[in-house]
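The values are calculated or read from the model by the stated rules, or taken from the named source; none is laboratory data. Keep in mind that this is a model prediction, so the values were computed, not measured. Note that we place each Cβ from the backbone using ideal geometry, even for glycine, and neighbour counts take in every protein chain shown.
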Amino acid sequence: MNPISFFVVVVLALISVGVGAISPPLAAPFALAAVYIALSLRMANAWQKCVVLRAGKLHGVKGPGLFWILPILDSITQTIDERIQTTAFNAEQALTRDTVPVNVDAIIFWHVHDAESAALKITDYRMAIDRVAQTSLREMIGSSLLSALLSDLKSADAQLRDDIAAKTGAWGITVAAVELRDVAIPEALQDAMSRQAQAEREKEARVILGSAEVAIAAQFVEAAKLYGQHPEALQLRAMNIIYETTKERGTTILIPSAMVDSMNPASALTRALNAARADQAG
């Protein structure tokens with residue numbers, strides 16, 4: 001009995017007792033009214049719908065608020081909560097399309113939009129949506145590759161939501177969303193995937209390093225051509241290298257005499273003239 005019915009019944013009972021003390025025949029109507037209200041006045045909360053049967057047939061869906069039923073003839077067969085519900089479900093050791101066993105945990109958000117269908121078309125809609133969610137999850141896993149399942153969870157969520165909604169729509173249930181919370185794969189496969197990812201990264205690093213070596217070699221070829229055409233540039237470069245290596249204190253560098261002579265333009269010119277004279281004499 002709801003609080004309002006209880007209050008009215010108590011008031012009528014007190015009146016009946018008070019009137020009965022004065023005139024017992026006048027107390028009978030108040031007593032009968034209290035009994036009738038106790039048996040017929042019902043209340044549903046804002047999120048509830050009550051399915052009423054009259055003599056075994058559907059009479060209507062009542063609520064929210066106060067409503068009347070006929071005692072004995074009417075019965076409230078089910079009170080439906082229309083708020084959004086959450087149901088957790090999972091699939092253990094389900095095989096993907098590439099025969100990899102996975103454990104998947106998911107959660108579904110749903111609500112009843114048609115209380116009449118939920119009460120009359122299925123025995124237990126809560127258990128039914130749990131079973132449908134589990135079977136749909138296994139079907140989705142069986143039709144998906146492991147790589148696609150791990151890389152695109154949003155698409156898997158949308159596919160699973162549509163599959164469950166298609167099966168439960170006739171029961172008056174709306175599926176708002178489905179979210180995969182965790183996809184667990186065997187440890188051995190995790191190690192293999194980790195090694196594969198590491199190998200792919202090493203491959204990319206080697207390719208990048210090879211490309212850099214090719215670019216550096218091309219630059220060296222261009223520099224060699226430039227130094228061949230301009231020996232003075234090579235001398236300046238050598239002097240700059242020596243300067244850079246001697247900036248640190250306490251550094252001792254041994255330079256071959258031939259390298260020192262190559263940095264002297266006069267010596268280089270003398271050697272070039274001597275070489276030309278020797279060619280002419282020969």
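Listed residues 27, 31; which is farther than 30 Å from residue 117 by Cα, out of contact with any Lys or Arg (no Cβ under 8 Å at 6 or more places or on another chain) and surrounded by 17 or more Cβ atoms within 10 Å (Cβ to Cβ)? Don't jump to the end; show me each part of the working.
On the way: 31 fails: surrounded by 17 or more Cβ atoms within 10 Å (Cβ to Cβ).
Answer to the check: 27.
Somewhere in the range 97-109, is a residue assigned to a loop (DSSP other than H, G, I, E, B), of a type in the set (Val, Ile, Thr) and out of contact with any His (no Cβ under 9 Å at 6 or more places or on another chain)? Scanning the range 97-109, I find at least one residue that is assigned to a loop (DSSP other than H, G, I, E, B), of a type in the set (Val, Ile, Thr) and out of contact with any His (no Cβ under 9 Å at 6 or more places or on another chain), so the answer is yes.
Every condition in (1) at pLDDT below 90; (2) more than 14 Å from residue 177 (Cα to Cα) holds for residue 134 except the one numbered (1).
Can you tell which of 108, 69, 37, 80 is among the β-branched types (Val, Ile, Thr), at pLDDT 90 or above and within 19 Å of residue 163 (Cα to Cα)? Before you say what the answer is, go through the steps one by one.
Working: 69 fails: within 19 Å of residue 163 (Cα to Cα); 37 fails: within 19 Å of residue 163 (Cα to Cα); 80 fails: within 19 Å of residue 163 (Cα to Cα).
Just one listed residue meets the conditions, 108.
For the range 197-232, enumerate the residues that are among the small types (Gly, Ala, Ser) and over 30 Å from residue 147 (Cβ atoms).
212, 215, 217, 218, 223, 224, 228, listed by residue number.
Evaluated against (1) of a type in the set (A, V, I, L, M, F, W, C); (2) touching a helix residue (DSSP H, G or I) at 6+ places or on another chain (Cβ under 7 Å); (3) modelled with pLDDT under 85, residue 188 falls short on exactly one condition, (2).
Only residues that are outside any loop (DSSP other than H, G, I, E, B), surrounded by 13 or more Cβ atoms within 10 Å (Cβ to Cβ) and either among the basic types (Lys, Arg) or over 16 Å from the mean Cα position of the chain (by Cα) (or both) were counted in the range 78-94, giving 8.
Where in the range 110-210 are the helices (runs of 4 or more DSSP H), entirely inside, with at least 3 residues that are under 30 Å from residue 56 (Cβ atoms)? Give the steps one after another, and end with the answer.
Values: elements: 115-120, 125-142, 146-151, 153-168.
Qualifying helices (runs of 4 or more DSSP H): 115-120, 125-142.
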